[in-house]
1. Go ahead and collect, in residue order, the members of the range 41-73 whose backbone nitrogen is under 16 Å from a label point 7 Å along the Cα-Cβ direction of ALA79.
2. Would you mind telling me the antiparallel percentage of the DSSP bridges in the range 13-107, rounded to 5?
3. Could you work out the local net charge near ARG88, counting Lys and Arg as +1, Asp and Glu as -1, over the other residues with Cβ closer than 13 Å to its Cβ?
4. Using 0.36 nm per residue, how much length does the chain from THR98 to GLN86 gain when fully extended, once their Cα-Cα distance is taken away?
5. So with the 1.4 Å probe, I'd like the accessible area per residue for the range 16-75, rounded to whole Å².
6. Please compute the modelled spin-label separation between ALA125 and LEU68, points set 7 Å along Cα→Cβ, answer in nm with one decimal.
7. Residues with beta-carbon under 13 Å from that of ASP67, excluding ASP67: net charge, scoring Lys, Arg +1 and Asp, Glu -1?
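The values are calculated or read from the model by the stated rules, or taken from the named source; none is laboratory data. What you see is a predicted model; the values in this text were computed from it and never measured. Cβ coordinates were reconstructed from backbone atoms using ideal geometry, including for glycine residues, and neighbour counts include every protein chain displayed. Areas reflect the complete protein model, heavy atoms only, side chains present, ligands, DNA and RNA absent. Shrake-Rupley method; radii C 1.70, N 1.55, O 1.52, S 1.80 Å.
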Amino acid sequence: MSAAAMAAGQPQFRYSQPPSKVLHVRNLPWEATEEELAELCNPFGRVVNTKTNVGANRNQAFVEFADLNQAIAMVSYYASSSEPAQVRGKAVYLQYSTRQEITTSTKTGDSTGNVLLVTIEGVEAGDVTIDVLHLACPPLIQANGSDLPSHERCESAQDPF
């Protein structure tokens with residue numbers, strides 16, 4: 001365990017999870033990019049997927065290797081190294097994820113949890129009602145409330161103001 005990790009009261013590694021080809025990386029600098037994360041991991045194998053800016057403080061990430069042995073090699077290397085894994089000079093903490101792969105939802109339409117972000121400029125927030133949204137993008141509000149408009153239809157809608 002590094003002196004910095006001991007001083008912070010956090011172990012650099014947590015072995016409570018069985019090995020996974022997905023690693024959970026904690027304590028990342030706010031400005032860290034996916035490229036920097038891949039740069040840290042690439043010496044150990046091929047990174048097939050990343051998910052950054054997760055966690056309450058947005059300073060965590062997931063990295064998925066092509067092979068379980070590659071993830072094990074990275075964890076083993078830093079567990080036995082006197083130098084901690086670092087991104088932008090900041091020690092980061094590694095652990096096996098409970099995930100076996102990183103998945104991202106690509107469903108649209110009637111799947112729960114989808115969010116449509118609508119930006120209406122030049123009006124006060126209190127002036128935007130469901131009726132205004134319906135005028136801006138008529139397919140937005142359907143009888144059952146579950147049908148969502150296509151991006152193209154909203155972009156081409158006439159300015160109701």
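1. Within reach of a label on ALA79: 68-73.
2. Here the antiparallel bridges make up roughly 90 percent for the range 13-107.
3. -3
4. 2.1 nm is the gain from fully extending THR98 to GLN86.
5. Per-residue accessible area for the range 16-75 comes out at 49 Å².
6. Those two pseudo-labels are separated by 4.9 nm.
7. Result for the neighbourhood of ASP67: 0.
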